[in-house]
Amino acid sequence: PPLLVACRPHQWVKNLLVFAVPFAAGRIFDPAVFASATAAALAFVMASSATYLINDAGDAEADRRHPTKQFRPIAAGQITPGQARRVAAGLLVGAVAVAVTIAPAVAALVVTYLAITSAYSRWLKHVPLVDSIAVASGFVIRAATGAAATGIAITPVFLTIAAAGSMFIVVGKRLGEVLLLGRAAPSHRRVLGWYTPQRCTRLLA
């Protein structure tokens with residue numbers, strides 16, 4: 001169904017990062033740990049789906065000019081921006097409600113994620129490099145949420161590796177967009193004009 005497609009279930013795999021800390025600690029098969037991590041992952045499935053809906057509702061016009069994003073349900077007119085925002089509101093409430101039942105720290109991290117993604121949808125995505133940092137922070141917050149949900153400490157080394165790996169993925173994605181769109185990249189999103197192949201290569205080095 002278009003609404004489910006708009007929630008981008010193929011992106012939910014990112015939420016497996018919630019299991020990263022308990023997995024690294026060798027406690028993922030502890031029933032209580034696994035249950036807490038699963039609940040936290042569910043909260044992020046709802047939260048991330050809501051942000052995708054909100055972001056796509058705001059970017060519908062620009063997405064219609066993109067060679068692949070034009071097929072997204074909202075850009076293609078299969079669902080309206082108003083419908084997407086209403087469903088997103090329900091998902092946001094559900095995500096916070098689930099997070100609160102796990103632990104206050106989990107709720108705080110989910111709310112932080114929602115605040116950053118909301119700011120990203122409104123204006124951070126138009127600020128070069130800051131847009132990449134905002135997206136990369138979502139990966140790190142997921143890992144930190146797994147630690148908070150299970151009561152397992154997250155080490156500085158793990159946090160550093162997660163942050164560096166996240167930036168590598170995000171900048172690589174920006175480079176892919178620039179190569180796909182070519183000279184038309186800035187007309188689709190002005191910030192892409194900053195992500196030249198040379199600059200992305202230096203960031204990835």
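For the range 48-65, the set of residues classified as within 20 Å of W123 (Cβ to Cβ) and open to solvent by less than 50 Å² (accessible area, probe 1.4 Å) consists of S48, A50, T51, Y52, L53, N55, D56, A57, D59, A60, A62, D63, listed by residue number.
Candidates are the residues of the range 196-205 that are in a helix (DSSP H, G or I) and among the hydrophobic types (A, V, I, L, M, F, W, C); the one that is most open to solvent (accessible area, probe 1.4 Å) is L203.
Considering each residue of the range 84-92 in turn, none proves to be assigned to a helix (DSSP H, G or I), out of contact with any helix residue (DSSP H, G or I) (no Cβ under 8 Å at 6 or more places or on another chain), free of Cβ contacts under 8 Å to residues at least 60 places away in the same chain and of a type in the set (A, V, I, L, M, F, W, C). When A153, A107 are checked against the criterion of being open to solvent by less than 50 Å² (accessible area, probe 1.4 Å) and of a type outside the set (F, W, Y), a single residue qualifies: A107.
Can you find a residue that is of a type in the set (V, I, T), open to solvent by 10 Å² or more (accessible area, probe 1.4 Å), closer than 29 Å to G182 by Cα and modelled with pLDDT of 90 or more anywhere in the range 77-95? No, there is no match, as no residue in the range 77-95 is of a type in the set (V, I, T), open to solvent by 10 Å² or more (accessible area, probe 1.4 Å), closer than 29 Å to G182 by Cα and modelled with pLDDT of 90 or more.
The set of residues in the range 181-195 being under 19 Å from V130 (Cα atoms), part of a helix (DSSP H, G or I) and of a type in the set (K, R) consists of R190 alone. Does at least one position in the range 117-129 carry a residue that is open to solvent by 60 Å² or more (accessible area, probe 1.4 Å), hydrophobic (A, V, I, L, M, F, W, C) and at negative phi? Checked against the condition, which is being open to solvent by 60 Å² or more (accessible area, probe 1.4 Å), hydrophobic (A, V, I, L, M, F, W, C) and at negative phi, the range 117-129 yields at least one hit.
Condition check ((1) closer than 23 Å to G94 by Cβ; (2) not in a helix (DSSP H, G or I)) across all residues:
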| site | (1), (2) |
| --- | --- |
| A39 | yes, no |
| L42 | yes, no |
| V45 | yes, no |
| Y52 | yes, no |
| A60 | no, no |
| H66 | no, yes |
| I74 | yes, yes |
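Quick check on A163: is it under 30 Å from A103 (Cα atoms), assigned to a helix (DSSP H, G or I), open to solvent by 30 Å² or more (accessible area, probe 1.4 Å) and small (G, A, S)? So A163 fits the description; yes. For the range 166-180, the count of residues that are touching a His at 6+ places or on another chain (Cβ under 7 Å), open to solvent by 80 Å² or more (accessible area, probe 1.4 Å), over 16 Å from A136 (Cα atoms) and in a helix (DSSP H, G or I) is zero. Which residues, counting only those in the range 25-42, are of a type in the set (F, W, Y) and touching a residue at least 12 places away in the same chain (Cβ under 8 Å)? Of everything in the range 25-42, just one residue is of a type in the set (F, W, Y) and touching a residue at least 12 places away in the same chain (Cβ under 8 Å), namely F34. Please determine whether any residue of the range 29-40 is buried (at least 21 other Cβ atoms within 10 Å of the Cβ) and of a type in the set (S, T, Y). Yes, the range 29-40 has at least one match.
Scanning the range 1-24 for residues being in contact (Cβ under 8 Å) with a residue 12 or more places away in the chain, open to solvent by 50 Å² or more (accessible area, probe 1.4 Å) and farther than 20 Å from V98 by Cα gives a total of 4.
The values are calculated or read from the model by the stated rules, or taken from the named source; none is laboratory data. Keep in mind that what you see is a predicted model, and the values were worked out from it rather than measured. Reconstructed Cβ throughout: ideal geometry from the backbone, glycine too, with neighbour counts over all protein chains shown. What goes into the accessible areas is simple: the full protein's heavy atoms, side chains included, and nothing from ligands, DNA or RNA. Shrake-Rupley method; radii C 1.70, N 1.55, O 1.52, S 1.80 Å.
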